[in-house]
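Okay, structure first, notes after.
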Amino acid sequence: MKLLKYLLLVLLFSSVSYSQFDKTILQVGIGIIEPFGNTSKGTYYSNENLMINNFAHNVLVIDSNFMRNNYGLKTGINIFGKAKFNFDKYSITRGVLFAAFNSFNTFEPSKSGNIGVQVININNELDTMLTSVNYSYTFNTFSFGLGIELAPTSFTKMVSPYFGANIAFNLMNGKLSRTENRYDSVSTSFSDFRIGVNFDAGIEFKINKQFGLALGVKYDLGNLLLKNTNSGLADVIEWGKSNGSLNDEEGRFFSTIYGPVLTSIRRESLSKQKDINWGTIYIAANIYLDKPKTTGKTTKKK
């Protein structure tokens, strides 16, 4: 009796082991991303009035809410790839490995206007003059991670919905560039590593044994863990600096990028806690890498 139980366990283990990775799906796709929550509110720029010699001039400035209350994120593009590994013989339960690149503000043009600069005039007095300025802003994330997916009707080999959840490791980077007089460019950037989760759902259509299509939606909670705000003078956000922090936790930080007049004076700012969340609508191609079935036939040696 014990021997029979042992044999049954061996056969069951062998069957599960064979079925686990005999059906692999590679999925590559492209989508449109849309930010949600406080990251999508506002813009990185605004217009203010600057008084010079008793005359009001309209100037283009970095909005005082940028990085304090939001990141001014707008619609962008998503490119991704997934490897899905079957966990049962019907391909209903799958393990997922993924990598994705998101580029926000893809369709936002650069903004042009004037800004004030401080000069010492011929009378050795501090004065303010106008100069032309152009701003551009990008925010990108590179994500990779793993998770689990369920496709309840995958065994039909035709049409199947799927849904899953993944742990995401997110490298986030924002870059704000300023060009004066059309020639002199300088930028400031900020980047950090965050851990989040995403939820994925869609429907897949199998065209033949090798190829298929998928339509889906995904929602990312990008910075659930490791939020932080760097409050030291060494971590100031200023033009020409390339290693600033996201400052997504409630706290204080220093910056020189705000105001209608360009200045190097560090100004303390209050940062609110900010959630970096976004949704994605995508279309993808599925490539099925099924292992060929063995017939069990052997050839006799002569």
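Values quoted throughout were computed directly from the atomic coordinates according to the rules given, and no laboratory measurement underlies them. Computed from a predicted model, the values in this text were never measured in an experiment. Please note: Cβ atoms are built from the backbone with ideal geometry, for glycine as well, and neighbour counts cover all protein chains shown.
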Handout entry: Residue exposure sequence - Ser264, Ser271 - by fewest surrounding Cβ within 10 Å
Key = Ser264, Ser271
Completion exercise
Fewest to most Cβ atoms within 10 Å: Lys23, Lys41 sort as Lys41, Lys23
Problem - With Cα atoms, 0 to 90° folded angle of helix 2-20 axis to the chain main axis - result: 40 degrees
Exercise for the section: Please build a GNM for the chain, connecting alpha carbons under 10 Å apart, and tell me which residue among Ser269, Ser132, Ser245 fluctuates the most. Expected result: Ser132
Completion exercise
Given pairs Lys82/Lys209; Lys241/Lys274; Lys111/Lys227 and cut-off 28 Å on Cα-Cα distance, the over-length ones are Lys111/Lys227
Practice task
Work the Kirkwood hydrodynamic radius out for the stretch 118-220: mean of 1/r over every pair of different alpha-carbon atoms, inverted, in Å.
Solution key: 18.5 Å
Exercise for the section: Give the Rg/Rh ratio for the stretch 77-117, taking Rg as the radius of gyration of the Cα atoms and Rh as the Kirkwood radius, to two decimals. Expected result: 1.47
Exercise for the section: Please say if the stretch 188-295 is rounded, prolate or oblate, where rounded means a/c under 1.5 for a ≥ b ≥ c the square roots of the C-alpha gyration tensor eigenvalues, and otherwise the choice is prolate for a/b larger than b/c and oblate otherwise? Expected result: prolate
Exercise for the section: Report the relative contact order of the chain, percent, no decimals, based on alpha-carbon pairs under 8 angstrom and at least 6 residues apart. Expected result: 19 percent
Completion exercise
For the stretch 20-288, the convex hull over Cα atoms projects on average to an area in nm² of 16.2 nm²
